[in-house]
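Chemist: Below are the structure tokens for one structure; questions will follow.
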Amino acid sequence: MFEAKVASALVLKKIIDSIKDLVTEVNLDITSEGIGLQAMDSSHVALVSLMLHQKGFCDYNLEKPTTIGICITNLAKVMKLASNDDEITLGLADDPTHLKVTFVNRKQEKKTQFDLNLLTLDSEHLGIPDTNYTSEIMMNSFEFSKLIKELNTLCDTVTIETTIEYVRFSLESDVGIGNIQIQTSEPNEKKEDGAEDPKDDAPVVQSFALKYLNMFNKASCLSNSVKLMMAAETPLVVEFEIEDLGELKYYLAPKVNQDTSKD
Amino acid sequence: MFEAKVASALVLKKIIDSIKDLVTEVNLDITSEGIGLQAMDSSHVALVSLMLHQKGFCDYNLEKPTTIGICITNLAKVMKLASNDDEITLGLADDPTHLKVTFVNRKQEKKTQFDLNLLTLDSEHLGIPDTNYTSEIMMNSFEFSKLIKELNTLCDTVTIETTIEYVRFSLESDVGIGNIQIQTSEPNEKKEDGAEDPKDDAPVVQSFALKYLNMFNKASCLSNSVKLMMAAETPLVVEFEIEDLGELKYYLAPKVNQDTSKD
Amino acid sequence: MFEAKVASALVLKKIIDSIKDLVTEVNLDITSEGIGLQAMDSSHVALVSLMLHQKGFCDYNLEKPTTIGICITNLAKVMKLASNDDEITLGLADDPTHLKVTFVNRKQEKKTQFDLNLLTLDSEHLGIPDTNYTSEIMMNSFEFSKLIKELNTLCDTVTIETTIEYVRFSLESDVGIGNIQIQTSEPNEKKEDGAEDPKDDAPVVQSFALKYLNMFNKASCLSNSVKLMMAAETPLVVEFEIEDLGELKYYLAPKVNQDTSKD
């Protein structure tokens, strides 16, 4: 038996919309810590990782940890039945065949119940290795979203270079060559505690497919800021904090540089 | 000879937009009582019935009742030439070949005249039998519109159940099963006059094609509320009052239940 | 060497958007007077003529006049990288292979550089003969834009008739016949100086393809008013003033009247 309640439907709607272009069928891992999700897109280039912490829910009652398979596309359609400020309850029976989704509006005069059919999916849990990211950049999420969207009209690939002073997005195509350089407004916080800071090291330069970065953009409505984390030969992490509830991270494998791949 | 004037183009624009997805060529019946229209959609599942009362017009001069055939799609295009607060005059000569539509803006500096070609259409007048509806529900028209639109993304058919206390919209599809239950805010008014109320009877439960209900949605901009009327084995009526001018009703035949159709 | 600076990206974005549906590859003529552009659409029915005066730029440094070929579609994509209030600098090296476009935001923390590849285009300079237009009409550009857009849904051709008192747009199609007559709000200014006014002459009546007029509509965001200039057997001029910077003119050849073309 499982039941969890969220005070406002809007944030759940946004989370599901942020995922549904990338993955369609996913396993939700429901534990005493919260609701988690990890899934790769069909081309296995990008990975989405969501964690909604137990303490972010109004109520959270779980008998024993469970994993359920759902179709995100269908859940997104069901979520549209909710008004933005509806209270949402998610529920599972023992040996469940469906996810019980209930919306109740503030005035209590309207109640929506939907039993979303569950799927049986292969449970491939993806171990994401702990990585010491040598570069962490915070950006305004709206600005990041606009930038990626416009770059995506100009070419397929963007090269991201981060130093301690700036992040630079470069592109090269038939149209021409260009770059956008943004000064990182906040100095690195870890410096202040006197610890050695690996992020001061050499700049990180890697190239990524804009198509995927553009799919991550939908999450920019979840948070005012986005964190980009990079390290050499490691997937880029694009992380959005979901206020009081958890975090949504996207991982994107770098494009292999054609010159270095030859040697 | 006929001439009628409406103070503001906006309401006529909205009415025509509410009809044009359902029917394309229609007869307008122009009588001393007003302008009426009744037409079935091409699949003969839905019927639209419009009445604009003579007293709702600023001027209304009619020599003898007449029926004219018009193409609603074309009239909708002509109406777009009007600004929302233009004054509109509709006119017909004796033995007319066209409907004269005139828009004049408030400052009188712009005048649009259009002679819309008339059509000769079969005049099939549809007798709608007087029905004693056992269920009448008032809903917020915006909420009804949103609900139908979202349900339409989830499945083809909705089952509507009305009781004296609530209206429930149920659906069942590959995605799962669900229902939205709304408490009917206002108690039945007819009760108060002490008369026997047939609406207290058994609940009415019928199924309808969401595709058509979704086409009726366009009329939700005409009124803040919508009235749903049902009775067993009778088409659903979806009625929008047009303030000071008349009413727009849609009739939709219920889907035949596959079990009962076998016996 | 050439360098010119514009205080706000927004106006340049609007200008380029106003041109890009009509022409894709164009020559820019950069002289001491400013930046000019003249190009015909691919069907050679319409011509766009743009002049941005040197005095409208913040800085304008030019060593010697030059002509560069650019792809307007690509420039439009690059311009989207700019925020509306970014400062823009355009630059050319000697013997340039690309146009250097630089955007800097107000806070100076973000800088975008793009080297747009140049094209080698045939330089067909189009002599536009000085014409004594017998009719000049000023209209609200938003009203003109809406009118053309709606007429374009009703038919292919509009006949424009101007007299000293009004401008009339007439159309005739399967739908019917109609016209929109607008009183010219301002009396002819040239009259006041006592000079003979050729614009008092006989009305001018000519027909034009709505498809092109509708493409000119994008420029209505550049100015609150639009000037229409006509003379018998001469292309219509649709002119938008670009405040403090220059003017954008479209020329459209009249449709040949089928009756008169026979004799």
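The values are calculated or read from the model by the stated rules, or taken from the named source; none is laboratory data. Quick caveat: nothing in here was measured; it's all calculated off a predicted structure. For neighbour counting, all protein chains shown are included, and Cβ atoms are generated from backbone atoms with ideal geometry for every residue, glycine included.
Chemist: Of the residues that make up region B:19-36, is at least one closer than 16 Å to B:THR89 by Cβ, touching a Ser or Thr at 6+ places or on another chain (Cβ under 8 Å) and modelled with pLDDT under 95?
Modeler: Checked against the condition, which is being closer than 16 Å to B:THR89 by Cβ, touching a Ser or Thr at 6+ places or on another chain (Cβ under 8 Å) and modelled with pLDDT under 95, region B:19-36 yields no hits at all.
Chemist: In region B:54-64, which residues are over 13 Å from B:ASP94 (Cβ atoms) and outside any strand (DSSP E or B)?
Modeler: B:GLN54, B:LYS55, B:GLY56, B:PHE57, B:CYS58
Chemist: Let me ask something additional. Answer yes or no as to whether A:PHE208 is at pLDDT 95 or above, under 24 Å from the mean Cα position of the chain (by Cα), within 23 Å of C:PHE114 (Cα to Cα) and crowded, with 20+ Cβ neighbours inside 10 Å.
Modeler: Yes: the conditions hold for A:PHE208.
Chemist: I've got another one for you. Name the residues in region A:36-69 that are within 14 Å of another protein chain (Cβ to nearest Cβ) and either over 19 Å from the mean Cα position of the chain (by Cα) or surrounded by 21 or more Cβ atoms within 10 Å (Cβ to Cβ) (or both), would you? Quick ask: steps written out before the conclusion?
Modeler: Residues of region A:36-69 within 14 Å of another protein chain (Cβ to nearest Cβ): A:68-69.
Answer for region A:36-69, where residues must be within 14 Å of another protein chain (Cβ to nearest Cβ) and either over 19 Å from the mean Cα position of the chain (by Cα) or surrounded by 21 or more Cβ atoms within 10 Å (Cβ to Cβ) (or both): just A:ILE68.
Chemist: Sort out for me the strands (runs of 3 or more DSSP E) sitting completely within region B:94-149 that have 3 or more residues that are closer than 28 Å to B:HIS44 by Cα, touching a residue at least 40 places away in the same chain (Cβ under 8 Å) and more than 14 Å from chain C (Cβ to nearest Cβ).
Modeler: Per the criteria, B:135-140.
Chemist: Out of all the residues in region B:14-32, is one or more without any contact (Cβ under 8 Å) to a residue 60 or more places away in the chain, under 18 Å from the mean Cα position of the chain (by Cα) and under 21 Å from B:VAL104 (Cβ atoms)?
Modeler: Within region B:14-32, not a single residue is without any contact (Cβ under 8 Å) to a residue 60 or more places away in the chain, under 18 Å from the mean Cα position of the chain (by Cα) and under 21 Å from B:VAL104 (Cβ atoms).
Chemist: For region C:14-46, which positions are of a type outside the set (Ser, Thr, Tyr) and farther than 17 Å from C:LYS249 by Cα?
Modeler: Keep residues of region C:14-46 that are of a type outside the set (Ser, Thr, Tyr), which gives C:14-17, C:19-23, C:25-30, C:33-41, C:44-46.
Result: C:GLU25, C:ILE30, C:GLU33.
Chemist: Now a separate question. Quick one: A:LEU81 ticks every box in (1) touching a residue at least 12 places away in the same chain (Cβ under 8 Å); (2) farther than 28 Å from A:PHE208 by Cα; (3) surrounded by fewer than 17 Cβ atoms within 10 Å (Cβ to Cβ); (4) not β-branched (Val, Ile, Thr) except a single one, so which number is it?
Modeler: (3)
Chemist: Select, from C:THR162, C:THR131, the only residue that is surrounded by fewer than 16 Cβ atoms within 10 Å (Cβ to Cβ) and hydroxyl-bearing (Ser, Thr, Tyr).
Modeler: C:THR131 is the lone residue from the list that is surrounded by fewer than 16 Cβ atoms within 10 Å (Cβ to Cβ) and hydroxyl-bearing (Ser, Thr, Tyr).
Chemist: Additional query: In region C:84-100, what residues are within 17 Å of A:ILE182 (Cβ to Cβ) and crowded, with 21+ Cβ neighbours inside 10 Å?
Modeler: Here is the first cut: in region C:84-100, the ones within 17 Å of A:ILE182 (Cβ to Cβ) are C:85-87.
Listed by number, the list holds a single entry, C:ASP86.
Chemist: Then there's this: Could you please find all residues in region B:1-20 being in a loop (DSSP other than H, G, I, E, B) and either crowded, with 17+ Cβ neighbours inside 10 Å or of a type in the set (Ser, Thr, Tyr) (or both)?
Modeler: Listed by number, the residues that qualify are B:SER8, B:LYS20.
Chemist: Let me ask something else. From the set of residues in region C:70-85 that are away from every other protein chain (no Cβ under 11 Å) and not hydrophobic (A, V, I, L, M, F, W, C), which is farthest from A:LEU154 (Cα to Cα)?
Modeler: C:ASP85
Chemist: Quick one: in region B:173-185, of everything that is surrounded by fewer than 16 Cβ atoms within 10 Å (Cβ to Cβ) and out of contact with any His (no Cβ under 9 Å at 6 or more places or on another chain), which residue is farthest from the other protein chains (Cβ to nearest Cβ)?
Modeler: By that ranking, first place goes to B:SER173.
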